[in-house]
Every structure is written in structure tokens, then in C-alpha cells.
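Here the structure comes first, spelled out in C-alpha cells, and everything after it is commentary.
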Amino acid sequence: MAKVNTALGAIDATDLGPTLIHEHLVLGYPGYDADALCTPYNKDELVKTCAEALDEAKKYGLKTVVDATPNDLGRRVELDKAVSEKTGINIICSTGMYMEAEGQPAYLKFRGQLLDIQAELYDTFMHEITVGIGKSGVKAGVIKVATGHGCISPYEEKVLKAAAKAQKATGVPIITHTQSGTMGVEQATLLIGEEADPKKIMIGHMCCSSNLEYHLAVLSKGVSIGLDRFGIEFLYPDNLRKATLVGLLAIGYADYIMLSHDHIANWLGRPFELPDFVQAMLANWSYSHVFKNIIPEVKKTGVTEEQVNKMLVNNPKRLFGG
Ligand SMILES: [Zn+2]
């Protein structure tokens, strides 16, 4: 049986159980640490916040969380480890790089003037999957890649190609970030063109579009899709996400859909209060929204327990090789 790297070591893919395929325990946009009023990092505090945030979802049966924070967005593997120990939830850590516009491409773009950064990215991904992340002893269990709005930049193309090669070498799956319902088809085409296994690719944030033509074009590549931003109504309404989900299930795609929230339990940087209208649009954004609200609501339209089980248990298991 395929083994999956988690924050606390390798487990069988069959032991993943109900899985949220794209979440974050912590996230910091590059530059947060240049803010003089940035809250100092306090691991114990953050462990507490994460455990509290996961508590409700745990009551609904949540067993595994994929922490999709890549190398350049403030990833804290020691936090994943401590939260997993405290909660008993498996946490799968990522290796990978975010999109050029909001990640940290400067170092690689500088080196790229003279050196082969695609090869260097591949080395990083391979090291973090097979040796470990820093000195944590934690091995990455998933590769996270991302592209910007409406195009894949030359930098992002190198990240995706390095990821495809690392996936081919290790069997570790790739999950992606797409921006505002764009570039899903191009991501899948590029990754598969580099011989990544479509069964081990999940094109993410597809629920930021309800264009079924776009969904079917991505699905025609044989990859899975993540409807993985439930609750972020500031970006796209849940009603359209639900309509898309119900429609795709009705025409037979239950084996290719995974669910999540892209929730962020802690932001690195200066504390901030969201304006009231934004708060209202994020009222349901949590690790439990899918279990508590979305599943019961779509079940009223005829979605079955078997389909739900596929999306939360079987499909993640298969993505990870089980
Ligand atoms: Zn994310």
C-alpha cells in the first residue's frame, strides 16, 4: 500500500480517512516580516489557535488535512507537527512555490539569469520529499504549485515542470492554485506534457468558476479538481460553488472532485480587523463549513452519502496512491 508522508511520519494512504485537500494552518504573504508591527511568532499560541480551529471539524470526523502552504508563504512545518500531535489529525506538508505575483520569485529570478533554476527547484522538491524539510525531519507529502490570472509566466512554467519531474520520480501528488477560474486546462496540459500522472494531479480552486465548459475541459484531461474554497464568499458565492458541485456530480464526476476551504487559521504579520462587509462574506469560512453546511445542503438535492464519501475519502486516498 502506498505510503504518505505526514508531519508525524509515513502512513498508509488507506488510513487518511476524511480529508480536507487544501487548507493552511498559517500563511504569511512575502514581506510580512518587514512590517515593524508584525506580531512575533509564538508557536505555542499558534498551536492553540489551530487546534481550536480544527476542533469542530474533528467532531464531524475529519482525519487528515493537507497544509497547502508552499515554501515561500511562511510555511511552518514545526507547527504542523505540533498541531498534529495535539489534535491527532494527520497533516500533510507541502513542498512547492507560489505564483510569481504573490510569492517570492526574486531569489530564483536572480539566479535564473545565469543558472538552471528549473533544475534547482527540482532539487529542492526532491530533497524535501525524500530527505526532509529543513532540520524538522518532516518530509513533504504533496507538491503545491500555482499560476497567476490568465497566464502562466516563464517562472511559473519552470516551477510546474520541476514539480512534474519530482512527481514522476517520487509518486507524490501535485495540487495547484489557479487564479479566479483561469489556467486550469493549461496547468493540466503542461504537467501531463512533462509526464506527470494525471491521476496524481488536482487542479485547485476550480470553484472560483461556475463555467461548466471550463470544468469539463479540465476534467477531460483525466485530472481531479478541487472545489476547495468553500466559505470564501468574498471571492465567489457559495451558491454558485454548490450549483457547480451538484451539476458535476449529476453527470458522473464524483470520482474526480475533492472538497476543502483554503482556510487560514493564522495570518503572519500585523493583526488586522476586516471591514464588516468582508467579515459577513467570510462568516462561514472555517475547517468545518463543508461538513456542517455544504454537505447537508447538497444532499437535499439528491447528492448521496456514497458520492460524499468519494469526495472526502476515496478520491484523496487515490490521489495519494491508495
Ligand atoms: Zn491555499
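FYI, it's all coordinate maths here, none of it is from the lab. Please read these numbers as outputs of a predicted model, since none were measured by experiment. Counting neighbours? That spans all protein chains shown, and the Cβs are built from the backbone with ideal geometry, glycine included.
Given (1) away from the ligand (no atom under 16 Å from the Cβ); (2) touching a residue at least 12 places away in the same chain (Cβ under 8 Å); (3) out of contact with any Phe, Trp or Tyr (no Cβ under 9 Å at 6 or more places or on another chain), where does ASP116 come up short, assuming only one miss?
(2)
Checking the structure you have, find out if any residue of segment 38-46 is within 15 Å of the ligand (Cβ to nearest atom), of a type in the set (Phe, Trp, Tyr) and farther than 30 Å from ASN309 by Cα. So that I can check it myself, show each step before the final result.
Residues of segment 38-46 within 15 Å of the ligand (Cβ to nearest atom): none.
Scanning segment 38-46 turns up no residue that is within 15 Å of the ligand (Cβ to nearest atom), of a type in the set (Phe, Trp, Tyr) and farther than 30 Å from ASN309 by Cα.
Test THR49 against the criterion of being over 17 Å from the mean Cα position of the chain (by Cα), more than 16 Å from the ligand (Cβ to nearest atom) and in contact (Cβ under 8 Å) with a residue 24 or more places away in the chain, and give yes or no. Lay out the reasoning, then the answer.
Details: over 17 Å from the mean Cα position of the chain (by Cα): yes; more than 16 Å from the ligand (Cβ to nearest atom): yes; in contact (Cβ under 8 Å) with a residue 24 or more places away in the chain: yes.
So THR49 passes the test.
Could we say that LEU20 is part of a loop (DSSP other than H, G, I, E, B) and touching a strand residue (DSSP E or B) at 6+ places or on another chain (Cβ under 6 Å) here?
Here the answer is no, as LEU20 does not meet what is asked.
So the check is Cβ under 6 Å with 6+ separation or different chains; which pairs have a first residue in segment 259-285 that's in contact (Cβ under 8 Å) with a residue 60 or more places away in the chain and crowded, with 19+ Cβ neighbours inside 10 Å and a second one that's assigned to a strand (DSSP E or B) and of a type in the set (Val, Ile, Thr)?
SER260/ILE21; ASN266/VAL26
Identify, please: which residue in segment 179-217 is surrounded by fewer than 20 Cβ atoms within 10 Å (Cβ to Cβ) and in a loop (DSSP other than H, G, I, E, B) and is, among those, farthest from the ligand (Cβ to nearest atom)? Steps first, please.
Here is the first cut: in segment 179-217, the ones surrounded by fewer than 20 Cβ atoms within 10 Å (Cβ to Cβ) are 179-182, 185-186, 189, 192-195, 197-199, 210-214, 216-217.
Those still in the list that are in a loop (DSSP other than H, G, I, E, B) too: 180-181, 194-195, 197, 210-211.
Details: SER180: 14, GLY181: 15, GLU194: 23, GLU195: 26, ASP197: 22, SER210: 20, ASN211: 21 Å.
Ranking the candidates gives GLU195 first.
Go through segment 144-178 and count every residue that is more than 16 Å from the ligand (Cβ to nearest atom) and of a type outside the set (Phe, Trp, Tyr). Walk me through how you get there before you give the answer.
At the first step, the residues of segment 144-178 found to be more than 16 Å from the ligand (Cβ to nearest atom) are 150-155, 157-158, 160-162, 164-172.
Now narrow it down to the ones that are of a type outside the set (Phe, Trp, Tyr): 150-154, 157-158, 160-162, 164-172.
Residues in segment 144-178 being more than 16 Å from the ligand (Cβ to nearest atom) and of a type outside the set (Phe, Trp, Tyr): 19 in total.
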